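The values are calculated or read from the model by the stated rules, or taken from the named source; none is laboratory data. Keep in mind that what you see is a predicted model, and the values were worked out from it rather than measured. Neighbour counts are summed over all protein chains in view; Cβ atoms, including those assigned to glycine, are modelled from backbone coordinates with ideal geometry.
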Amino acid sequence: MAEIVDARGLSCPQPVLMTLTKIKELSSGEFEVVVDNEVSRENVSRAATNAGWQLAQEREENEEFHLVFKR
């Protein structure tokens, strides 16, 4: 199971910083980021892909965005 970064209720740049921290912890593998607004979804996705991670899955559930990144 992928590690989860729960950034719900936070506004940028917090979700991006939490994502970058997780990226520093992992050299490869998979992790999921959960955010609850469109701006955070876009910024987290951009930051992770710029760091060399691939957005493997994206889904929206109950006004939350679940972003799964793989490397």
Count - residues of the range 23-33 that are surrounded by 13 or more Cβ atoms within 10 Å (Cβ to Cβ) and either at pLDDT below 95 or in contact with a helix residue (DSSP H, G or I) (Cβ under 9 Å, 6 or more places away or on another chain) (or both): 3
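Any chance you could count how many residues in the range 2-22 are on the phi > 0 side of the Ramachandran plot and modelled with pLDDT under 95?
First pass over the range 2-22, keeping only residues on the phi > 0 side of the Ramachandran plot: 9.
With modelled with pLDDT under 95 added as a condition, the list becomes none.
Within the range 2-22, residues that are on the phi > 0 side of the Ramachandran plot and modelled with pLDDT under 95 number 0.
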Given the residues 45, 40, which is the only one that is within 17 Å of residue 60 (Cα to Cα), assigned to a helix (DSSP H, G or I), out of contact with any helix residue (DSSP H, G or I) (no Cβ under 6 Å at 6 or more places or on another chain) and among the hydroxyl-bearing types (Ser, Thr, Tyr)? 45
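Looking at the range 37-71, which of the residues that are acidic (Asp, Glu) and closer than 14 Å to residue 4 by Cα is surrounded by the fewest Cβ atoms within 10 Å (Cβ to Cβ)?
Our first condition is that a residue be acidic (Asp, Glu); within the range 37-71, this holds for 38, 42, 58, 60-61, 63-64.
Retained after the next criterion (residues that are closer than 14 Å to residue 4 by Cα): 58, 64.
Numbers: 58: 12, 64: 14.
Ranking the candidates gives 58 first.
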